[in-house]
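Everything below concerns the one structure shown next.
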4 protein chains.
Amino acid sequence: MLDKTFRLDVRIYWEDTDAGGIVYHSNYLRYMERARTEMLRSLGFSQQQMKESGEALIVVSKLEITYRRPAKLDDLLTVHTRIASLKHASVIFEQTITRGDEVIAQGRVRCASISASTGMPTEINPRIRQALLDYLGEPRD
Amino acid sequence: MLDKTFRLDVRIYWEDTDAGGIVYHSNYLRYMERARTEMLRSLGFSQQQMKESGEALIVVSKLEITYRRPAKLDDLLTVHTRIASLKHASVIFEQTITRGDEVIAQGRVRCASISASTGMPTEINPRIRQALLDYLGEPRD
Amino acid sequence: MLDKTFRLDVRIYWEDTDAGGIVYHSNYLRYMERARTEMLRSLGFSQQQMKESGEALIVVSKLEITYRRPAKLDDLLTVHTRIASLKHASVIFEQTITRGDEVIAQGRVRCASISASTGMPTEINPRIRQALLDYLGEPRD
Amino acid sequence: MLDKTFRLDVRIYWEDTDAGGIVYHSNYLRYMERARTEMLRSLGFSQQQMKESGEALIVVSKLEITYRRPAKLDDLLTVHTRIASLKHASVIFEQTITRGDEVIAQGRVRCASISASTGMPTEINPRIRQALLDYLGEPRD
């Protein structure tokens, strides 16, 4: 799998910080999701369409994050997103958040495709899966 | 209309604060909504049921808030909620947030009943409206 | 006072929405603050510097907002910000949030300058005040 | 180390949910932090005091979470918190979030003690460490 990386910049505002003067730890998960959403948008898929299609939903099923350095008010961070694994019913994203050359946080996020009606694991929408394979430069299944 | 007040305590956590060391200003709106939700729950109405009933939704249509003093990490605040006006398609709540004897913020929130399908103003669910009238000690319409 | 308007685009992500399928009402206050922050940044003032200068803090003291239409997942909103009044210890911003030609919400936000040490009202930092006057095309005091 | 568990109930409000009709995934981290804060409060330590003491800060340095089932509006969840490991400069918490008998999410959170001035790892405040040892029923060092 090629090491293609999608980049999204995120500005830190007052709402992102806490009384410790740094970004509140759960907020990095929001930036990581914004980046996954924009990566999919760049491939032609909007969350609203996927939601309205009423078929499979992609939800976070497992997440690991290591915090390296605190980010602060006004920082301009970059979320670097790559696909580490793409299976029939799940995708694993590796996401690194940087401020210039410094690593702020590193995460690994497993997203699963579940049926909107039953909540059970189900195949990722084939059009999305193919678009991810094409993006990764993989041969078609 | 009698001056009946519903009280809800809210504890301030790290997530509620910002880098100024105080509660981030938009978070008070969340505490005010928690209080309106608990007031309705105390009358027998849950948000999930109201949502699933698929009929009218109650949404915030207008809101004013004055910030008097900052709240801080660990503070135990109280949200005092009273109904200032109850019409056919809207309710106005007056809500004061205190810390002991100090007033932290004062708000006035207009909620409107809208149709879940069309988004247009519609009558408040009669059972909820009657429960609010009973709560207020008003004679039945 | 000239009618100069600062524009900031805001994308709506999952984090911004609630179970009603629309943007949670308190989140618009965050977009309005992002816009005030970016307006000041465009004039050369960063929040972190202002915070670290340890002098006056600018805090929201009063806020009114009217919700016209709900915004949804994936919407690209624009926050239009203008200064409605500039006094020695306070500024009033008028902010309108639109989606294309539609008005989503309209707000009026009074910000006060307070002493970082005492919390009492104090003059707005003269450099910021002058920059705002210059921006507005007002003659120097 | 004894298997002592601290329990905190958390009610789910509109603010906690997203347009998928379920709790937004990053919010579970907030409930887990509320629970760690309340566990420490039950032992006599408030976050504000720890913050104002100006010594060591306890920050999240690593976190893993597995999402088992979605929580919804109005749910009453319980966060079960136990200490899995207590070292000189770090603590590992195991936290399970349940709704009745169902497991909603399971997390493992490593918190590190860092110097408020330098940001470098430093010993956990001895009074807090001793209180945690006493709580766990461990012999004094």
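Identify, among B:Gly100, B:Val10, B:Ile114, the residue whose Cα sits farthest towards the positive end of the charge dipole of chain B, taking +1 on the Cβ of Lys and Arg and -1 on the Cβ of Asp and Glu, with the dipole about the Cα centre.
B:Ile114
Which of the lysines could be linked to A:Lys62 by a straight reach, that is with a Cα gap under 16 Å, when you skip same-chain ones fewer than 8 residues away?
List returned: A:Lys87, D:Lys62.
If you plug each phi of the range A:105-119 into the Karplus form 6.51 cos²θ - 1.76 cosθ + 1.60 with θ = phi - 60°, what whole-Hz ³J(HN,Hα) values come out, in order, with x for Gly and Pro?
Each residue's phi maps through the Karplus curve to give 7, 10, x, 9, 10, 9, 10, 10, 8, 10, 5, 5, 8, 9, x Hz.
Can you list the residues, at least 5 places off or on another chain, whose amide H is less than 5 Å from the amide H of C:Ala84, using H built in the peptide plane?
Under 5 Å from the amide H of C:Ala84 lie the amide H atoms of C:Ile92, C:Phe93, C:Glu94, each far enough along the sequence or on another chain.
Quick one: Karplus J couplings for the range C:8-25, per residue in order, coefficients 6.51, -1.76, 1.60, θ = phi - 60°, nearest Hz, x for Gly and Pro?
Values, residue by residue: 9, 8, 9, 8, 9, 10, 3, 4, 8, 9, 10, 5, x, x, 10, 5, 5, 4 Hz.
Taking the Cβ of B:Glu55 as the center, what net charge do the other residues with Cβ under 11 Å away carry, scoring Lys and Arg +1 and Asp and Glu -1? Don't skip to the end; give the middle numbers.
Working: positive: B:Lys51, B:Arg127; negative: B:Glu52, B:Glu123.
Local charge sum for B:Glu55: 0.
Give the carbon-plus-sulfur fraction of the accessible surface of chain B in %, rounded to a whole number; probe 1.4 Å, heavy atoms of protein chains only.
Numbers: 3010 of 6150 Å².
Here carbon and sulfur together make up 49 percent of the probe-accessible area.
How large is the convex hull of the C-alpha atoms of the range C:68-141 per residue, in Å³?
Details: hull volume 9.6 nm³, N = 74.
Hull volume over Cα atoms, normalised by residue count, gives 130 Å³.
To the nearest Å, what is the center-to-center distance of the range B:11-63 and the range A:79-121, using C-alpha atoms only?
31 Å
Once you order the gyration tensor axes a ≥ b ≥ c over the Cα atoms, which shape class does the range C:6-135 get: rounded for a/c under 1.5, otherwise prolate or oblate by comparing a/b with b/c?
Numbers: a/c = 2.13, a/b = 1.95, b/c = 1.10.
The shape class here is prolate.
From the phi angles alone, apply the Karplus equation (6.51, -1.76, 1.60; θ = phi - 60°) to the range B:35-45 and give each ³J(HN,Hα) in whole Hz, x where the residue is Gly or Pro.
Calculated HN-Hα couplings, in order: 5, 5, 4, 6, 4, 5, 4, 5, 9, x, 10 Hz.
Please give, to one decimal in nm, the separation of the simple spin-label points placed at B:Val103 and B:Thr66, each 7 Å out from Cα toward the Cβ.
0.6 nm
Among B:Pro126, B:Gln47, B:Thr66, whose Cα sits farthest toward the positive end of the charge dipole of the range B:6-135 (+1 at Cβ of Lys/Arg, -1 at Cβ of Asp/Glu, about the Cα centre)?
B:Pro126
What is the interface area between chains D and C, defined as buried accessible area summed over both chains with a 1.4 Å probe, reported in Å² to the nearest 100? Present the calculation step by step, with values, prior to reporting the outcome.
Details: alone 8210 and 8190 Å², together 15680 Å².
Buried area between the two chains comes out at roughly 700 Å².
Along Cα-to-Cβ, 7 Å out, sits the label point; list in nm, shortest first, how far the one on A:Asp9 is from those in the other copies.
So the label point of A:Asp9 gives 1.3, 4.7, 4.8 nm to the other copies.
About the Cα centre, and with charges only on the beta carbon of Lys, Arg (+1) and Asp, Glu (-1), how big is the dipole of chain B? Nearest 20 debye, please.
On the way: 20 positive and 19 negative charges, 42 e Å.
So the magnitude is around 200 debye.
Using the Kirkwood formula on the Cα atoms of the range C:1-45, what hydrodynamic radius do you get, in angstrom to one decimal? Please list the in-between numbers first.
Working: mean 1/r = 0.0823 Å⁻¹.
Evaluated over the range C:1-45, this radius sits at 12.2 Å.
Using helices alone, I'd like the mean residue ellipticity at 222 nm for chain C: each DSSP H run of four-plus residues gives -39500 (n - 2.57), total over residue count, nearest 500.
On the way: 3 runs with 33 residues, N = 141.
One gets -7000 deg cm²/dmol as the mean residue ellipticity at 222 nm.
Please work out the average accessible area per residue across chain C, using the 1.4 Å probe convention, and give it in Å². Spell out each step's value before the answer.
Working: 6150 Å² over 141 residues.
Per-residue value: 44 Å².
What residues have an amide H closer than 5 Å to that of A:Lys62, excluding those fewer than 5 places away on the same chain, when H is modeled at 1.01 Å from N in the peptide plane?
Result for A:Lys62 returns A:Arg110, D:Tyr67.
Any chance you could list the semi-axes, whole Å, largest first, of the equivalent ellipsoid that the Cα gyration tensor gives for the protein assembly as shown, using √(5λ)?
Details: eigenvalues 231, 184, 166 Å².
Taking √(5λ) for each Cα gyration eigenvalue gives 34, 30, 29 Å.
The values are calculated or read from the model by the stated rules, or taken from the named source; none is laboratory data. As the structure is a prediction and not an experimental result, all values here were calculated from the model. Every residue, glycine among them, receives a Cβ derived from its backbone with ideal geometry; neighbour counts consider all protein chains shown. Note: areas computed on protein heavy atoms with side chains; ligands, DNA, RNA excluded. Shrake-Rupley method; radii C 1.70, N 1.55, O 1.52, S 1.80 Å.
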